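Have a look at the structure below before the remarks.
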Amino acid sequence: GVTNAAKGMANRAVVLANDFISDYAEMATEFATNQFRLSNHSYGLATIGWYGIGNYLGTNYPQWYGDHYVSATEDWYFGIYDAGSSNLDRVVYASRYYLPVRAAGNERGPAGKPAISQANGHLAFYQGVNYYFPPSYQRPDDGGTSGYDCLPPDAVSKNCLTVGAVSNIIGGYSGSNSVGMSTFSSFGPADDGRIKPDVVGDGVNLYSTGAASNSHYYADSGTSMASPNVCGSLNLLVQLHNRYVGTNQPMLSSTLRGLAIHTADDVDGAGPDFQMGYGLFNVASCVAQVERDQQHGRGTHIKEFEIGVSNTVSWEVDVDSVPFKATAAWSDPAGPATNIVIVDLTKPMLVNNIDLRVEKVGATNVYYPWILNPDLTNKTESARAAAATTGVDNRNNVEQVYIANPTPGKYRIVVTHSGGLLGGPVPSAQWVSVLTTGETPVSPVFTSIEASPSGTNVLLTFTADPGAYFHLLSSTDLVAWQTNATVRAEGVTNSVLVSSTQPYEFFRLRRQQ
């Protein structure tokens, strides 16, 4: 029977459940045929690092699935951008509006090891053969002492939303120290230094459905619980957005991913980290962001626009003394899959390098996005545990600028397509999602009005913040106004051709609400 105690986030949703076989092909097919916007993936590569128990000459030993010939301390699969990661990014980039939500994995520390210890030895592979290693040879836990770099390959995909698991949030978020990291959730960074996981969700002792009990309901823990928690909540966000704009104008998948990151509750120190990404997922904050965008004018706080290689798009906003935040996210083309056996290949997987910064108009203040030090050379835990700083980011396909105490005035948001990275794939024009909080938009300005020679059309040119939607209103007497058209600002400078047969006609723009 059904129990309300296990009611999910989107408990009236229709779920299509498949196994993991041919999953990439099925993702593409389901989006193309059924327009599925989200999918949850609570599975990953099992035989990685410490996993299970193996038998050698009739005796059971803990099994380490790394290759001793490649590395005696780390399974080379951890953090790698492999063919699966590349295929996942390819599906998302091609579909544009489809977002996979993926569990970060439960590989970290003792929680990821078999129940029996190495006291009597263990098994590990050496050049493809499973060998016995004596008790004198002790391997570290997955992730080492502090747990960094133990993400399974699919979890380092650029375009999916990777979710870790936390605990101690019964009753809701109540400050950065109210969130407790689980004992098992895998930490980043990815091998090329990118920030993963993206966010975290409740994943400890969740009462839910399952197949391991005759009752089909039980409490369980894992990133496999946190990931559907987030995915189901995002489905409600899709439903809300559809109510406002209809089902034929979906958000880009990068917008959905960006919303989850932009509105996450900060944990530990300010900014992201390699343990919990950008913080605790908060669907109520996501909803508030969507509603704020509708109230202030569609496309004001949630923007989508295309930017060409080497081009810059910038616009001004008014900021008071409240904190200001801007987040840029994009679905990047698939990077080159690693086809060699190597530990921690540091080659960047970013294809289109988009850079975000914020400038104080009339001053020299420039604010750069959060960055972390993955310490790809020495891999020190102290560097990876250090607090986020700010600077130019050439690794990630999400960037966030945060100004905690801005001086009131005008600020300029600057988005630049800096091209590709040295030795990487050829860059291309890129659709970008930009989310903002804490600002007031600047009104659009008409820059020219040109009448056609026939006298029946008028070309209106105006400047505005890109991605914003406006109603174009017209009047012949400045008293009665009628909506002439709905216009989307494709860039900063825009033109619209309208019919005009009156001797005198006036035009104005109003944000679409």
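Here is a yes/no grid of residues against (1) among the hydrophobic types (A, V, I, L, M, F, W, C); (2) closer than 30 Å to Thr346 by Cβ; (3) in contact (Cβ under 8 Å) with a residue 40 or more places away in the chain:
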position	(1), (2), (3)
Val415	yes, yes, yes
Ala451	yes, no, yes
Ala480	yes, no, no
Thr486	no, no, no
Glu490	no, no, yes
Ser495	no, no, no
Tyr504	no, no, no
(message) Tell me which strands (runs of 3 or more DSSP E) are completely within the stretch 31-90 and hold 2 or more residues being buried (at least 21 other Cβ atoms within 10 Å of the Cβ), or say none if there are none.
(response) 38-41, 59-67
(request) Given the conditions (1) of a type outside the set (Gly, Ala, Ser); (2) in a strand (DSSP E or B); (3) closer than 21 Å to Trp315 by Cα, report the number of the one that Thr407 does not fulfil. (result) (2)
(request) With a cut-off of at least 1 residues that are closer than 25 Å to Phe36 by Cβ and free of Cβ contacts under 8 Å to residues at least 40 places away in the same chain, name the helices (runs of 4 or more DSSP H) lying wholly within the stretch 209-326. (result) 223-245, 283-296
(request) Out of the residues in the stretch 445-463 that are under 26 Å from Val317 (Cα atoms) and either open to solvent by 10 Å² or more (accessible area, probe 1.4 Å) or β-branched (Val, Ile, Thr) (or both), state the one that is nearest to the chain's Cα centre (by Cα). (result) Thr463
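Output yes when any residue across the stretch 404-416 is in contact with a Gly (Cβ under 6 Å, 6 or more places away or on another chain) and under 27 Å from Asn159 (Cα atoms), and no when none is.
Residues of the stretch 404-416 that are in contact with a Gly (Cβ under 6 Å, 6 or more places away or on another chain), as a first pass: none.
No, the stretch 404-416 has no match at all.
Of a type in the set (Gly, Ala, Ser), under 23 Å from Val361 (Cα atoms), out of contact with any helix residue (DSSP H, G or I) (no Cβ under 6 Å at 6 or more places or on another chain) and open to solvent by less than 10 Å² (accessible area, probe 1.4 Å): does that describe Gly258? Walk me through how you get there before you give the answer.
Numbers: of a type in the set (Gly, Ala, Ser): yes; under 23 Å from Val361 (Cα atoms): no; out of contact with any helix residue (DSSP H, G or I) (no Cβ under 6 Å at 6 or more places or on another chain): yes; open to solvent by less than 10 Å² (accessible area, probe 1.4 Å): yes.
No; evaluated as a whole, the condition is false for this residue.
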(message) So, in the stretch 155-172, exactly how many residues are crowded, with 17+ Cβ neighbours inside 10 Å and in contact with a strand residue (DSSP E or B) (Cβ under 6 Å, 6 or more places away or on another chain)?
(response) 9
(request) Could you tell me whether the stretch 140-149 includes any residue that is in contact with a Pro (Cβ under 8 Å, 6 or more places away or on another chain) and either open to solvent by 30 Å² or more (accessible area, probe 1.4 Å) or in a strand (DSSP E or B) (or both)? (result) yes
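Quickly run through the stretch 29-47 and pick out the residues that are closer than 20 Å to Ser227 by Cα and in contact (Cβ under 8 Å) with a residue 12 or more places away in the chain.
Within the stretch 29-47, the first condition is being closer than 20 Å to Ser227 by Cα, and the residues that meet it are 30-31, 36-46.
Correct list: Glu30, Phe31, Phe36, Arg37, Leu38, Ser39, Asn40, His41, Ser42, Tyr43, Gly44, Leu45.
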(request) List every residue pair whose Cβ atoms lie under 6 Å apart, where the two residues are 6 or more positions apart in sequence or sit on different chains, the first residue falls within the stretch 360-379 and is within 17 Å of Thr407 (Cβ to Cβ) and free of Cβ contacts under 8 Å to residues at least 60 places away in the same chain, and the second residue, located anywhere, is in a loop (DSSP other than H, G, I, E, B) and open to solvent by 40 Å² or more (accessible area, probe 1.4 Å). (result) none
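Which of the residues belonging to the stretch 349-362 are open to solvent by 50 Å² or more (accessible area, probe 1.4 Å) and in a loop (DSSP other than H, G, I, E, B)?
Pass one, the stretch 349-362, residues open to solvent by 50 Å² or more (accessible area, probe 1.4 Å): 357, 362.
Of everything in the stretch 349-362, just one residue is open to solvent by 50 Å² or more (accessible area, probe 1.4 Å) and in a loop (DSSP other than H, G, I, E, B), namely Gly362.
The values are calculated or read from the model by the stated rules, or taken from the named source; none is laboratory data. Worth saying up front: this structure is predicted, and the values here are computed from it rather than measured. Don't worry about glycine lacking a Cβ; one is built from the backbone with ideal geometry, like all the others, and counts go over all protein chains shown. For accessibility, only protein heavy atoms count, side chains too; no ligands or nucleic acids. Shrake-Rupley method; radii C 1.70, N 1.55, O 1.52, S 1.80 Å.
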